Structures are given as structure tokens and as C-alpha cells.
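Colleague: Below are the C-alpha cells for one structure; questions will follow.
The values are calculated or read from the model by the stated rules, or taken from the named source; none is laboratory data. Predicted, not measured: the structure shown is a model, and the values here were computed from it. Methodologically, a virtual Cβ is constructed for each residue, glycine included, from the backbone with ideal geometry; neighbour enumeration extends over all protein chains shown. Accessible surface is based on the protein model in full, side chains and every heavy atom, while ligands, DNA and RNA are left aside. Shrake-Rupley method; radii C 1.70, N 1.55, O 1.52, S 1.80 Å.
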Amino acid sequence: DNTEVQIVLVNQGVGVCGNDLAIDDISLTPVEPVLTFTADCDGGTTTVTGTSGGSFTLNPDPGDGAVIESDTGTISGGTAGATYTIEYTVTGGCSTVTLDVTLLPSEDPTFTMTPTCDGGTATITGDTGGAFALNPEPGDGAVIDITTGTVSGGTTDTVYTVDYTTGGPCPTTSSTTFTTLPGDDASFTMTPTCDGGTAGITGVVGGTFAFNPLPGDGATIDASSGSVTGGTAEATYTVEYTTADICPSTSSVTFTVLPEDDASFTMTASCDSATVTILGDAGGTFSFNPDPGDGASIDVTTGMITDGIAGSTYNVEYTTDGSCPTSSIESITLLTDVFDFNIVGDCNGSVYELTVT
């Protein structure tokens with residue numbers, strides 16, 4: 001059945017019609033079909049050269065969901081890289097041929113992500129030449145290079161998911177989730193002083209300090225230590241600190257300089273002394289400024305002047321002893337009794353006037 005038969009007839013010279021022909025030799029040359037297979041990722045197509053019209057089966061049945069069309073030999077639903085045996089039987093069952101076929105291998109989409117401060121860099125450990133994408137889109141400004149997988153413009157300490165899809169005949173996709181590096185801790189404190197403040201870094205050290213905005217009143221700041229000097233009492237300043245570590249960040253602190261002490265006071269004079277009333281901050285010290293050099297003395301605690309000279313003027317300085325010491329000077333003139341009177345008379349026609357003070 002289904003076999004080509006080549007019949008060689010040899011003429012014996014008897015005749016050329018009917019039974020006058022004798023068959024001297026018959027040789028049978030079977031012609032078997034030849035199978036070729038074109039594989040794809042989940043199957044492939046079979047081509048028959050030679051006798052067609054037979055039927056195809058997978059033998060043995062792979063059991064992985066792969067099926068073959070009996071009349072065309074097309075395989076589908078297979079597993080990438082798997083090997084199957086195709087059996088082709090010529091109509092009538094006289095001839096059967098088999099062919100082992102292997103589907104195209106599955107591509108390797110594996111990759112890793114190395115976090116950076118605002119994204120990450122990709123390293124492909126599988127098949128190169130694919131495309132990257134953020135999935136889902138983060139919506140925070142982060143972007144990805146579809147060729148290299150580099151993520152940039154993101155936010156520190158944020159989670160992103162990247163997909164990589166290979167670009168070969170059997171593309172596959174894998175995903176990697178990673179978290180960007182955390183931003184440096186730029187926290188610090190400011191302790192007010194009388195003309196500025198001192199900084200205390202509670203985060204990452206080694207950064208720089210600056211005014212923002214510049215105060216314009218003569219205050220200066222040390223970029224390394226953050227110390228503010230030359231400022232104005234009760235003025236408010238804003239200081240920024242920017243770290244210099246792996247992922248620099250900036251923070252701001254606003255503070256108010258301490259108020260100056262109140263050194264105001266008044267004095268009440270008598271004939272050879274004076275007493276003080278403190279109107280501002282108590283607890284300071286008193287002194288002459290300048291020293292009168294006339295024997296008068298002053299109590300450094302109360303400010304009382306004793307042994308002064310009536311009618312003399314003294315300058316008294318009071319210096320506070322609080323957080324931000326200040327000084328003030330008051331002048332005082334001791335009292336004088338006034339007893340002016342005149343005597344007018346004449347003596348032998350001469351007029352005289354005596355004035356006594």
C-alpha cells in the first residue's frame with residue numbers, strides 16, 4: 001500500500017500484445033516520507049516531504065498540555081525548551097516515521113536592581129536586549145531608561161517595581177521590587193545666645209550650615225559648626241544644614257536670639273550720699289565710672305554712695321549679672337544747702353554790700 005512500484009518489462013521477442021509479454025523482473029523501491037519541523041516557543045509546524053496525507057500524533061503523550069493537529073502536524077500549547085516525538089503514519093498504516101523535536105528555549109529575564117538615592121541601576125543576569133518599565137508608574141517624578149533600566153528622579157526611601165521583558169523570539173517578563181536609599185538625617189538644634197546661637201547636630205555630621213535668608217544685620221555663621229555670632233538681641237534667624245553623606249538632605253531651624261538684660265536704675269541724692277532704685281534686672285554690680293577720687297565710696301551691691309561732697313556730681317555704672325549682661329550709667333549731683341543773704345549799709349557815707357552763701 002502507498003508504495004511506488006517500478007516494473008521492468010523485458011521483451012522476449014514473442015509479441016507485444018496481451019499475454020505475449022513476459023515479466024522478467026519486478027523490483028520494489030519503497031519511498032518513505034521525510035519530516036522536517038520548524039519550532040517556536042510553544043510548538044511549531046511540521047513539513048512532510050514525500051508521501052503526504054498521513055496522520056500525526058505525539059508519541060509518547062507529553063502530558064504537559066502540548067497537542068498536535070493530526071492532519072497538519074502543528075504543535076501548540078507546549079513548553080519552551082521541551083522535546084517531543086512526532087509520529088507520522090502514512091495512510092493505510094504501511095509506513096510510520098518519527099521525528100524528535102525540541103521547542104525554542106524560554107528566555108531568561110532575570111535582573112537585579114542596585115538602589116541609589118533617587119532611583120536605582122539595573123544589572124541583567126539573563127538575556128540582554130530587552131526593555132524595562134516601571135510597573136506601576138510611581139507618579140512622583142521617577143523615570144526609567146527603557147534600555148538600561150536606570151531609575152532616576154525618584155524619592156529617597158521609596159519602593160519601586162521594575163519589569164524587564166526580553167526581546168528574543170520567546171519574550172518573557174520578570175519583576176524586581178526595590179527601595180531607594182534613605183536620605184541623610186539632617187536634623188540639628190539651635191541654642192540661642194546673646195548675639196546669635198550655637199548648633200547641635202543630631203543627625204549626620206560633616207555637613208555645612210548657612211543662613212536662609214541672609215539677615216543683613218551683621219550676623220555671621222560658621223559653615224562648619226553652625227555658630228551664629230554678631231547678631232542682634234531678640235532677632236530671629238533661620239539656619240539651614242545640608243549633609244554631605246551618600247544621600248544629602250537639608251533641614252532648617254528658626255530661632256530667636258536671647259534678649260539683653262535690663263540695666264535701668266534711678267538715683268536719689270542727699271547732701272553727702274545717694275541711694276539707688278533698680279528698675280530692671282536685679283543682682284548686678286555698681287561702680288563709679290570714672291572714679292571721682294574725692295573719698296566718696298559706693299556699695300557694689302546696693303549702689304549707695306557715701307562720704308560724697310555736697311554739690312559734687314558722680315557717674316554710677318550698673319552691670320547686670322544675667323544671661324546677657326548689659327550696663328547703664330546714671331549721673332547724680334549731691335544736694336547743697338542754700339542760705340544766701342545780703343547786708344547793705346553805709347559807714348561814714350560809704351555804701352557796702354555783703355553777700356554770704
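Colleague: Would you say THR242 is surrounded by 14 or more Cβ atoms within 10 Å (Cβ to Cβ) and in contact with a strand residue (DSSP E or B) (Cβ under 6 Å, 6 or more places away or on another chain)?
Modeller: In short, yes.
Colleague: Let me ask you something else. If the requirement is being part of a strand (DSSP E or B) and touching a residue at least 60 places away in the same chain (Cβ under 8 Å), which of these qualifies: LEU181, LEU99, LEU104?
Modeller: Of LEU181, LEU99, LEU104, the one residue that is part of a strand (DSSP E or B) and touching a residue at least 60 places away in the same chain (Cβ under 8 Å) is LEU99.
Colleague: Return the pairs, sorted by first residue and then second, in which the second residue is open to solvent by less than 40 Å² (accessible area, probe 1.4 Å) and of a type in the set (Asp, Glu), the first residue lies in segment 130-141 and is in contact (Cβ under 8 Å) with a residue 24 or more places away in the chain, the beta carbons are less than 6 Å apart, and the residues are 6+ apart or on different chains.
Modeller: ALA133/ASP163; ASN135/ASP163
Colleague: Restricting the first residue to segment 155-167 and requiring it to be free of Cβ contacts under 8 Å to residues at least 24 places away in the same chain, which pairs with a second residue that is in a strand (DSSP E or B) meet a Cβ separation below 9 Å and a spacing of at least six or different chains?
Modeller: Between residues of segment 155-167 that are free of Cβ contacts under 8 Å to residues at least 24 places away in the same chain and residues that are in a strand (DSSP E or B), the close pairs are THR158/THR179; VAL159/THR177; VAL159/PHE178; VAL159/THR179.
Colleague: Considering only segment 300-357, state which residues are at pLDDT below 95, within 19 Å of ALA282 (Cα to Cα) and among the polar types (S, T, N, Q).
Modeller: SER323
Colleague: Taking the stated definitions as given, is ILE309 in a strand (DSSP E or B) and surrounded by 10 or more Cβ atoms within 10 Å (Cβ to Cβ)?
Modeller: Criteria not met by ILE309.
Colleague: Same structure again: So which pairs qualify, if the first residue must be in segment 314-325 and of a type in the set (A, V, I, L, M), the second must be part of a loop (DSSP other than H, G, I, E, B), the Cβ gap must be under 7 Å, and the two must be at least 6 apart or on different chains?
Modeller: That search, which allows pairs on different chains as well, returns VAL316/GLY303.
Colleague: Among THR161, THR177, which is the only one that is open to solvent by 70 Å² or more (accessible area, probe 1.4 Å), at pLDDT 95 or above and among the hydroxyl-bearing types (Ser, Thr, Tyr)?
Modeller: THR177
Table: residues versus (1) closer than 30 Å to SER52 by Cβ; (2) touching a strand residue (DSSP E or B) at 6+ places or on another chain (Cβ under 6 Å); (3) of a type in the set (D, E, K, R); (4) open to solvent by 70 Å² or more (accessible area, probe 1.4 Å).
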residue: TYR88; (1), (2), (3), (4): yes, yes, no, no
residue: VAL97; (1), (2), (3), (4): yes, yes, no, no
residue: ILE146; (1), (2), (3), (4): no, yes, no, yes
residue: VAL151; (1), (2), (3), (4): no, yes, no, no
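Colleague: Take the conditions among the acidic types (Asp, Glu) and either in contact with a Cys (Cβ under 8 Å, 6 or more places away or on another chain) or farther than 30 Å from ASP157 by Cβ (or both) and apply them to ASP245. Does it pass?
Modeller: no
Colleague: Quickly run through segment 313-344 and pick out the residues that are buried (at least 17 other Cβ atoms within 10 Å of the Cβ), assigned to a loop (DSSP other than H, G, I, E, B) and under 60 Å from the mean Cα position of the chain (by Cα).
Modeller: Within segment 313-344, THR320, GLY322, CYS324, THR326 qualify.
Colleague: Hey, among the residues in segment 272-291 that are farther than 16 Å from ASP262 by Cα and either touching an Asp or Glu at 6+ places or on another chain (Cβ under 8 Å) or open to solvent by less than 50 Å² (accessible area, probe 1.4 Å) (or both), which one's modelled with the lowest pLDDT?
Modeller: Among them, the one singled out is ASP272.
Colleague: Now a separate question. Output yes when any residue across segment 112-123 is open to solvent by less than 60 Å² (accessible area, probe 1.4 Å), within 23 Å of CYS41 (Cβ to Cβ) and among the hydroxyl-bearing types (Ser, Thr, Tyr), and no when none is.
Modeller: There is no residue in segment 112-123 that is open to solvent by less than 60 Å² (accessible area, probe 1.4 Å), within 23 Å of CYS41 (Cβ to Cβ) and among the hydroxyl-bearing types (Ser, Thr, Tyr).
Colleague: Would you confirm whether or not segment 258-276 contains a residue that is of a type outside the set (Asp, Glu), without any contact (Cβ under 8 Å) to a residue 12 or more places away in the chain and under 30 Å from TYR237 (Cα atoms)?
Modeller: No, because not a single residue in segment 258-276 is of a type outside the set (Asp, Glu), without any contact (Cβ under 8 Å) to a residue 12 or more places away in the chain and under 30 Å from TYR237 (Cα atoms).
Colleague: Now for a different question. Being in a loop (DSSP other than H, G, I, E, B) and over 20 Å from the mean Cα position of the chain (by Cα) is the filter here; which residues of segment 191-221 pass it?
Modeller: THR193, CYS194, ASP195, GLY196, ASN212, PRO213, LEU214, PRO215, GLY216, ASP217, GLY218, ALA219 - these are the residues of segment 191-221 that are in a loop (DSSP other than H, G, I, E, B) and over 20 Å from the mean Cα position of the chain (by Cα).
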